[in-house]
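Undergrad: First, the structure itself, so that you have it in front of you.
The values are calculated or read from the model by the stated rules, or taken from the named source; none is laboratory data. Owing to the predicted nature of the structure, the values given are computational and were not obtained by experimental measurement. Ideal geometry is used to build each Cβ from the backbone, glycine not excepted, and the neighbour counts take in all protein chains shown.
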Amino acid sequence: MVIGIDGAPYSFLKLHKDSGELPFIRSMIDDGSFIQTDSVIPTISSVAWASYMTGLNPGGHGIYGFVDRTSNPFEMYIPTGNNLKAKTIWQILSSLGKRVIVVNVPVTYPPKSVNGIMVAGFLATNVRKATYPPEVANYLEEIDYRVDVDSELAHRDLGEFLVELDYVLQKRLEAALHFIKNYQWDFFQLHIMETDRINHFLFRKYADKDPIYYERFMGFYRKLDAFLGEIRSSLPEGCEFIVLSDHGFCPILKEVNINRFLMENNYLKFTGSNKPKWQNISRETKAYSLIPGRIYINLKGREAMGSVKPGRDYDRLRDELVEALTNITDPQTGAKISQRVFKREDLYSGKETQKAADIIIQPSNGYEIKASLEGTFMADPGKIKGMHTFHDAALIMSGKILKPGEHSIIDLFPTIMKMMGIRFNDCEGNSLI
C-alpha cells in the first residue's frame, strides 16, 4: 500500500509528530524510517508524480508542467496521461499478472486499462469519465465521491472551502476502504490531493498562527492522520506500507512574472498596439516563458515565429539569459529570486528531452514564478498563499531501515519493484532498501 499525501512537507510532519499532534504518523515513524527527499524540477505535482510512477526524469516521460506548448504551430495544451511517454508502475505490474488498484493519482486521466481498478485523479472532469473499468463509476456516484475539491470556493469563502475539503477527504477514505476490503490486489496506490489544496490557500495562515485558521488547518491534518491510521488498520497481515509526499511547501513572499521581465528587457515582443497576446508574438522575440519558470528560446526552425539562429547565436543568448535570470533580486530585500537557473541538459536526459524548455528556473523559497503577459514583474501574492518547495518532500516506510544519503522521489520506483520481488532495470534512481 502506497499513499501519496500531495505537498505535505517533511519539516511540517516532523514538527507536529514530535509535538504529538499526529499520533499515527509518529507511531509509524517509530516503527520504521522517516526521511526528507527531493522533488523534481520544475516542482509541480504532475511532473513529480509522473517521475514517481515511471522512475524517470521528465526527459524520459515527457511531462514538464500543467501547461505545455507545441512549437510550430504555437499552441498551448494541458498535458494528460495521454502525453505520458513511459510505462507506469501499475502498467508494468499489470503486465506481470499482479492485481492493482490506483485511486486519484495526478496524470492518470484518461484512465488506462489495468489488471484491476483505476480511478483517475486531477484533470478528470467527472467520476463517470474517471474509471476503469467504467462500471466502477456506479459505486463512486452512489457515495457522492469527488475527484477533487472545488478550489474556486477558496477564492470566495475559506470556511466553505474547508467544509468541502473535509467532505472530499472523507469520501476518499470511504472509497479506499471499499476497494481494500472488497477486491483482490497486490499493489494499491492511493493519492490525497487535499493536502496540496489546503496548503496553497492556508499555509501562510498556518505559518503566521492565524487565530482562526491555524487551528482549522491543524484540524485537517489531524483528520488526515486518523485517515492514515484507519487505512493501515484495514490492511491484510504483512502488507508493506509507504506514505510519501512529492514536494514541500512554504508561504509565498512575492509572485515573479518572468514574461514581464522578458518584455521589459526586450526579449519578448508583440505585434500590434493592443495588450499583448500569445498569438501576436513578434518575429523580433528572442525568448518567452511558460509556468513555472520555463524559458524557451525563439529558435529558428523550431518555433513558429523563430528568429534566433541555432548554434552560436542560440548559445550566446542562452548564456546571457541564464546570467540575467540568476541575478534577479527582490528590490525590497535584495534576495535572489532563484536558487539556480539550469540549462535543460543540466537536468534532463531521455527521448523526450527535446520537448523541454531551454532554460529552467529553480525558484528560491517564497518566490513563486509566474508567466502572465499582463500585470507587473513582481507583486504580492493573491489568494494562493503557499508554493511548492524542492527539498522538503517526505517519505515514511513502516518497518524498514532506509539507506542514508540524499534521495529523490524517483528512487521510489526501484524501491517498490525490489519490495515486490521484481527485476526492472529500465528506470533511474536507486533502491532505498
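Undergrad: Criterion first (closer than 18 Å to LEU224 by Cα, out of contact with any His (no Cβ under 7 Å at 6 or more places or on another chain), assigned to a helix (DSSP H, G or I) and without any contact (Cβ under 8 Å) to a residue 12 or more places away in the chain) does VAL168 satisfy it?
TA: The answer is no for VAL168.
Undergrad: Right, something else. When residues of segment 230-276 are filtered for being over 25 Å from GLU320 (Cα atoms) and either among the hydrophobic types (A, V, I, L, M, F, W, C) or outside any strand (DSSP E or B) (or both), how many remain?
TA: 26
Undergrad: Which residue pairs have Cβ atoms closer than 6 Å, lie 6 or more positions apart in sequence or on different chains, and pair a first residue in segment 317-333 that is touching a residue at least 40 places away in the same chain (Cβ under 8 Å) with a second residue that is part of a loop (DSSP other than H, G, I, E, B) and not acidic (Asp, Glu)?
TA: Qualifying pairs under 6 Å: ILE328/ILE337.
Undergrad: Also, I was wondering about something else. Quick check: is even one residue across segment 305-312 hydrophobic (A, V, I, L, M, F, W, C) and buried (at least 20 other Cβ atoms within 10 Å of the Cβ)?
TA: Yes, segment 305-312 contains at least one residue that is hydrophobic (A, V, I, L, M, F, W, C) and buried (at least 20 other Cβ atoms within 10 Å of the Cβ).
Undergrad: Which members of segment 381-433 meet the condition of being within 19 Å of SER11 (Cα to Cα) and part of a helix (DSSP H, G or I)? Break it down into steps so the answer makes sense when it comes.
TA: So the first thing to find is which residues in segment 381-433 are within 19 Å of SER11 (Cα to Cα), and the list is 385-398, 402, 404-409.
Once the filter is applied, which keeps residues that are within 19 Å of SER11 (Cα to Cα) and part of a helix (DSSP H, G or I), segment 381-433 yields only ILE409.
Undergrad: Residue under question is GLN184, and the condition is that it be surrounded by fewer than 22 Cβ atoms within 10 Å (Cβ to Cβ) and either within 19 Å of VAL149 (Cα to Cα) or assigned by TED's automatic domain parsing to the domain that holds MET118 (or both); does it hold?
TA: yes
Undergrad: Right, here's the next one. Exactly one condition in (1) among the charged types (D, E, K, R); (2) in a loop (DSSP other than H, G, I, E, B); (3) more than 27 Å from ILE25 (Cα to Cα); (4) within 25 Å of the chain's Cα centre (by Cα) is not met by ASP144; state its number.
TA: Here ASP144 clears every test but (4).
Undergrad: Could I ask something else about it? Can you tell me how many residues within segment 1-16 are basic (Lys, Arg) and part of a loop (DSSP other than H, G, I, E, B)?
TA: Selection size over segment 1-16: 0.
Undergrad: Within the bounds of segment 211-223, is there any residue that is out of contact with any Cys (no Cβ under 9 Å at 6 or more places or on another chain) and assigned to a loop (DSSP other than H, G, I, E, B)?
TA: Scanning segment 211-223 turns up at least one residue that is out of contact with any Cys (no Cβ under 9 Å at 6 or more places or on another chain) and assigned to a loop (DSSP other than H, G, I, E, B).
Undergrad: Tell me which residues, restricted to segment 369-410, are of a type in the set (Asp, Glu) and over 19 Å from the mean Cα position of the chain (by Cα). Steps first, answer last, please.
TA: Looking only at segment 369-410, we keep the residues that are of a type in the set (Asp, Glu), and these are 374, 380, 392, 406.
GLU374, ASP380, GLU406 - these are the residues of segment 369-410 that are of a type in the set (Asp, Glu) and over 19 Å from the mean Cα position of the chain (by Cα).
Undergrad: Looking at SER19, SER51, SER46, SER39, can you tell me which residue is outside the structural domain of ILE291 (by TED's automatic domain parsing), among the hydroxyl-bearing types (Ser, Thr, Tyr) and either closer than 25 Å to GLY219 by Cβ or modelled with pLDDT under 95 (or both)?
TA: Unique residue meeting the criteria: SER19.
Undergrad: Can you tell me which residue among ILE117, ILE89, ILE143 is modelled with pLDDT of 95 or more and under 23 Å from ILE409 (Cα atoms)? Don't jump to the end; show me each part of the working.
TA: Values: ILE117 fails: under 23 Å from ILE409 (Cα atoms); ILE143 fails: under 23 Å from ILE409 (Cα atoms).
Matching residue, one of ILE117, ILE89, ILE143: ILE89.
Undergrad: At pLDDT 95 or above, of a type in the set (D, E, K, R) and surrounded by fewer than 21 Cβ atoms within 10 Å (Cβ to Cβ), is that true of ASP150?
TA: Judged against the criteria, ASP150 is not a match.
Undergrad: Could you check segment 35-133 for strands (runs of 3 or more DSSP E) lying wholly inside it with 2 or more residues that are aromatic (Phe, Trp, Tyr) and surrounded by fewer than 20 Cβ atoms within 10 Å (Cβ to Cβ)?
TA: So the answer is 74-77.
Undergrad: Across segment 17-34, which residue is surrounded by the most Cβ atoms within 10 Å (Cβ to Cβ) among those that are in a helix (DSSP H, G or I) and of a type in the set (D, E, K, R)?
TA: Only one residue tops the list, namely LYS17.
Undergrad: Can you confirm whether PHE413 is buried (at least 17 other Cβ atoms within 10 Å of the Cβ) and more than 22 Å from the chain's Cα centre (by Cα)?
TA: Here the answer is no, as PHE413 does not meet what is asked.
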